[in-house]
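Some notes on the structure that comes next.
The values are calculated or read from the model by the stated rules, or taken from the named source; none is laboratory data. Here the structure is a predicted model, which is why all the values come from computation and not from measurement. Don't worry about glycine lacking a Cβ; one is built from the backbone with ideal geometry, like all the others, and counts go over all protein chains shown. Surface areas here come from the heavy atoms of the whole protein model, side chains and all, with no ligands, DNA or RNA. Shrake-Rupley method; radii C 1.70, N 1.55, O 1.52, S 1.80 Å.
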Amino acid sequence: MARRDDALARASRAAANDDPVEGFVAGYLPYLLARASHLISGQFHEHLAARKVPVMQWRVMAALWDAPKSAREVAEIILQKQPTVSKLLERMERQGLVRREPDAEDRRRIVVSLSPRGRAVAGPLIEAAREHEHAVLEPFGATNASTLVTVLQRLIDRNR
């Protein structure tokens, strides 16, 4: 009976919000994660479009912001296949946004880093992304926001 009550409550919330989603998918975790990601990312993608920064380039810059990485690591972080990322990195290198160099410890490995120009482009975007994240999470309060992030990180770690 509790499941039926939960489903009815979700359907009621959906109707009140003009949300067409109801039934099974309204409470299905993969759908909820994907929809939340789509909605939240879409808001930030509008910011990127206004600045004429392609989403995939933003993702690469964000992945490289803290430290250089291999193309394989970048591909894993931005959820793309390595051949796609390799082509993107070539294009970004031609644009002066990234540098690809042999790893000092393993010359067979190529390390990708943001160039000074790439850092100059990415810096304001990182700040805007932080502001966007804050705006998304602020209504939930610091404790709930921190819990949400921790739970999502644990969910990812358990399902790798």
**Request:** For region 117-160, give the percent of accessible area contributed by carbon and sulfur heavy atoms, probe 1.4 Å, rounded to a whole number.
**Result:** 56
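Can you give me the accessible area per residue for the chain, using a 1.4 Å probe, in Å²?
Numbers: 11440 Å² over 160 residues.
Ligands and nucleic acids excluded, the figure is 71 Å² per residue.
Averaging over all projection directions, find the projected area of the Cα convex hull of the chain and quote it in nm² with one decimal place. The partial results should precede the final answer.
Details: hull surface 49.7 nm².
Mean projected area for the chain: 12.4 nm², to one decimal.
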**Prompt:** So what's the angle, to the nearest 10 degrees on a 0 to 90 scale, between helix 82-94 and the longest Cα principal axis of the chain?
**Reply:** 50
**Counted charge near E76, where neighbours are those whose Cβ lies closer than 13 Å (Asp, Glu -1; Lys, Arg +1)** = +4
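For every helix of n ≥ 4 consecutive DSSP H residues, a contribution of -39,500 (n - 2.57) applies; sum these over the chain, divide by its total residues, and give [θ] at 222 nm rounded to the nearest 500 deg cm²/dmol. Spell out each step's value before the answer.
Details: 7 runs with 108 residues, N = 160.
Helix-only estimate at 222 nm: -22000 deg cm²/dmol.
If I stretch the segment between I40 and I126 completely, what's the gain in nm (0.36 nm per residue apart, minus their alpha carbon distance), one decimal?
On the way: separation 86, 0.36 × 86 = 30.96 nm, distance 1.54 nm.
Answer, rounded to one decimal: 29.4 nm.
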**Asked** In degrees from 0 to 90, rounded to the nearest 10, what is the angle of the helix 29-50 Cα long axis to the longest principal axis of the chain?
**Response** 50
**Prompt:** Amide H to amide H, which residues 5 or more places from S70 or on other chains are under 5 Å from it, using H placed in the peptide plane?
**Reply:** V112
